[in-house]
1. If you find the alpha carbon centre of segment 80-114 and of segment 343-396, how far apart are they in angstrom?
2. Which of the lysines could a cross-linker span from K125 if the Cα-Cα distance has to be under 23 Å and same-chain partners fewer than 8 positions apart are dropped?
3. How large is the charge dipole for the chain, taken about the Cα centre, if only the Cβ atoms of Lys, Arg (+1) and Asp, Glu (-1) carry charge, to the nearest 20 debye?
4. In whole angstrom, note down how far apart the Cα centers of segment 132-191 and segment 259-330 are.
5. Could you sort the peptides 175-183, 309-317 by per-residue average Cβ neighbour count (10 Å cutoff), highest mean leading?
6. Normalised by the residues of segment 6-417, what does the relative contact order come to in percent, with Cα pairs under 8 Å and at least six apart?
7. Give me the lysines in straight-line cross-link reach of K406: C-alpha distance below 16 Å, same-chain residues under 8 apart excluded.
8. Determine which aspartates and glutamates satisfy two conditions relative to K264: a Cα distance under 19 Å, and not lying fewer than 8 residues away in the same chain.
Amino acid sequence: MKFESYWLDTAPAFTGARTHPPEGHYDVAVIGGGLTGLSAARTLARGGARVALLEAGRVIGEASGRNGGQCNTGVAQDYASMVDQLGREQAMLHYRSYSEAVASVEQVIEEEGIACDYLRRGKLKLAAKPEHYEKLARTCEAIRRDVDPDVALLSREEARREVDSPAFHGALWQKNGGQMHMGRFGAGLAEAAVRHGAHLFEHTPMNGVEREGERYRLTTPNGEFLANDVLLATGASQVGPLNWFRRRMAPVGSFIVVTEPLSKDQCAQLIPHRRACVTSRIIGHYFRLTPDDRLLFGGRARFAMSGGKSDAKSGEILRRGLAETFPQLGNTPLSHCWGGLVDMSRDRLPHAGRHDGMYYVMGFSGHGVQMSVHMGRMLAEMMLGQRKEYPWHSDDWPAIPGHFGKPWFLPLVGSWYRLQDRLH
């Protein structure tokens, strides 16, 4: 079993990075080579801006290349609960933005001809308890009433025909959504940004940034350069002078295992319509079939940072969860196990705005596949003067109380969520 991302291990290599350090003067410096930064860089370059993108490691090497590859509508929170919390109008705005984000991803794939095995089959949210099914029924009614009449509530028997597991009591089917090979999509998006004129620099962390009048001086290990504007798309990155942002997000580990290829008959029995799936528990699971017929199975196995022994421990927890969900798979061997950091905001919603004059967008809270591409594009359009309104823009983003950059509280949060899963 390899302890590396299946997506990154099986993706074509990105070969368009610059071989010399950034220098001179750019219109925009984009910090972060995940989907957000790549989407913004592509849009800015298409709009005629001279763009330098800095990535501390390899492009899409972190969260963007380490997720479940689900590109679906639906907010991170339960929609009916969001209506209660934020009001109907704001909840509708958020939900529609997530739906538009799916279209943004599909538009990029079509425009750039990215071969990423995109499959539009929607998402099933599976009820892990009978009372969870009742909650899904209320959510389905609210979604139909407000924003999307094309959602369906599936009975236990109907859900069993979709997912051959005894573990679930029904499901909510949201049809607007798809899935893809994240490594191929990310590499294709990076190549597109370069094709439109953006300069991408891998293994080039931003060590410092200072305001000099109407522009910024950015420092890297290999020198300095100037930019009129800076766009921070760093997510849960632990590299660089980003403590103001780290205090506003919890870097929660998400972990995934992938099986060796299954037979065509097994796939047809397991998830016959190949939909993306998530479960209703707070510490639940998400799973789907890959383009080459493996079962990908992930979740917040442990509330800990990703890396080394943490990934291995989480992999064993996920192995047990997979066996409980799909007993018929028995001892099917696993081919890959890995983890990544989710940039979890306090309200589980993305945030965008300006800090010290610099633009930022992050905090996708586990829904970054679609929202990162969409919001990176929209923010870039606003910077180009092509868009007057940015629905997620707010300069008010309070820090998480007691959080000073290191997530000491993650084990406590995990214990609390496990208790809630047992009680509710």
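Any read-out appearing in this document is the output of simple, stated calculations on the displayed coordinates, not a laboratory observation. Everything numeric here is computed off the predicted structure, so don't read it as measured data. A quick note on method: Cβ atoms are made from the backbone with ideal geometry, for glycine too, and the neighbour counts reach across all protein chains shown.
1. 13
2. Reachable lysines: K135, K175.
3. Numbers: 51 positive and 47 negative charges, 187 e Å.
About 900 debye.
4. Each part reduced to its Cα centre gives a spacing of 16 Å.
5. Sorting 175-183, 309-317 by mean packing, highest first, produces 175-183, 309-317.
6. Working: 906 pairs, mean separation 97.8, N = 412.
For segment 6-417, the relative contact order is 24 percent.
7. none
8. Here the aspartates and glutamates satisfying the reach criterion relative to K264 are D117, E162, D164, D292, D293.
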